[in-house]
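The values are calculated or read from the model by the stated rules, or taken from the named source; none is laboratory data. Quick caveat: nothing in here was measured; it's all calculated off a predicted structure. Reconstructed Cβ throughout: ideal geometry from the backbone, glycine too, with neighbour counts over all protein chains shown. All accessible areas refer to the heavy atoms of the entire protein, side chains included, with ligands and DNA or RNA removed. Shrake-Rupley method; radii C 1.70, N 1.55, O 1.52, S 1.80 Å.
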Amino acid sequence: MAGGGTEGDLLRERLNEAASGDAALRQLRRRHDALRADYEALLLRLQELEGRLEAEGAPPLEAAEQARRLDLAEQITTPLLRMRDDYMRTAEEIAQIIAGLEALASFDRPEEPLPAASRPRTVQLDVEAEDFGSILDMQERLSAMPGIARVSVRTGEAGKALLLVELAEGGNPPG
């Protein structure tokens, strides 16, 4: 009967609850209790996850956010810095090519032109540069010089090339 008394008490409590309040109020109370239980379960789950993160040695959330921001700034600036370095290297290469051309142009030319029979028709130039674009630029500049019929790139490999300079009829070799 003790078990029956407990059931009776439970039944009486439900009857009192039903008689004392409105059905809508009871429904709101049940919904509120269910939401509170869900909230408490979520809090427990969050505490469990934070405990796992701390156990794994993960940085606190503020440190992780700062690291993410630093990574973003680094991702933005790294390509720009690399591009600046590439431009600086290219400017140095261009300056070296110009200095080489100026040195080539400053060679003393013989007072008397060579006889036509002994003049070479082609001249070979070994050229070194960091990229193929610099070699093509040199080819274009040489082609524009007076007395040059044509300049062609014979071989090109990893920063080295052989330029064949064909002289125009009656032209003297440059330098």
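For I97, I76, I135, write out the residues from largest to smallest accessible area, computed with a 1.4 angstrom probe and no ligands counted. Provide the component values of the computation, followed by the final result.
On the way: I97 25, I76 100, I135 0 Å².
If we order I97, I76, I135 from most to least accessible, we get I76, I97, I135.
Tally Lys/Arg at +1 and Asp/Glu at -1 over every other residue whose Cβ is under 12 Å from the Cβ of L80; what's the total? Kindly include the intermediate steps, with their values, before the conclusion.
Numbers: positive: R82, R84; negative: E74, D85, D86.
Once all neighbours under 12 Å are counted, the net charge is -1.
With a 1.4 Å probe and all protein chains kept in place, how much accessible area does R29 have, in Å² rounded to the nearest 10?
Counting only protein heavy atoms, the figure is 130 Å².
How high is the FRET efficiency from L136 to E169, r the C-beta distance, R0 30 Å, rounded to 0.05?
Details: r = 26 Å, r/R0 = 0.86.
FRET efficiency, L136 to E169: 0.70.
Counting only protein heavy atoms and using a 1.4 Å probe, what share of the accessible area of segment 64-107 belongs to carbon plus sulfur, as a whole percent? Intermediate results must be reported in sequence, preceding the final value.
Values: 2290 of 3640 Å².
After summing per-atom areas, the C and S share lands at 63 percent.
Can you give the accessible area of T6 in Å² (nearest 10), computed on protein heavy atoms with a 1.4 Å probe?
Accessible surface of T6 is approximately 90 Å².
Given the protein chains as shown and a 1.4 Å probe, how many square angstrom of D38 are accessible, to the nearest 10?
For D38, the solvent-accessible surface is approximately 90 Å².
Once the other residues with Cβ under 14 Å from the Cβ of R45 are scored (Lys, Arg +1; Asp, Glu -1), what is the net sum?
Details: positive: R52; negative: D38, E40, E48, E50.
With Lys, Arg at +1 and Asp, Glu at -1, the net is -3.
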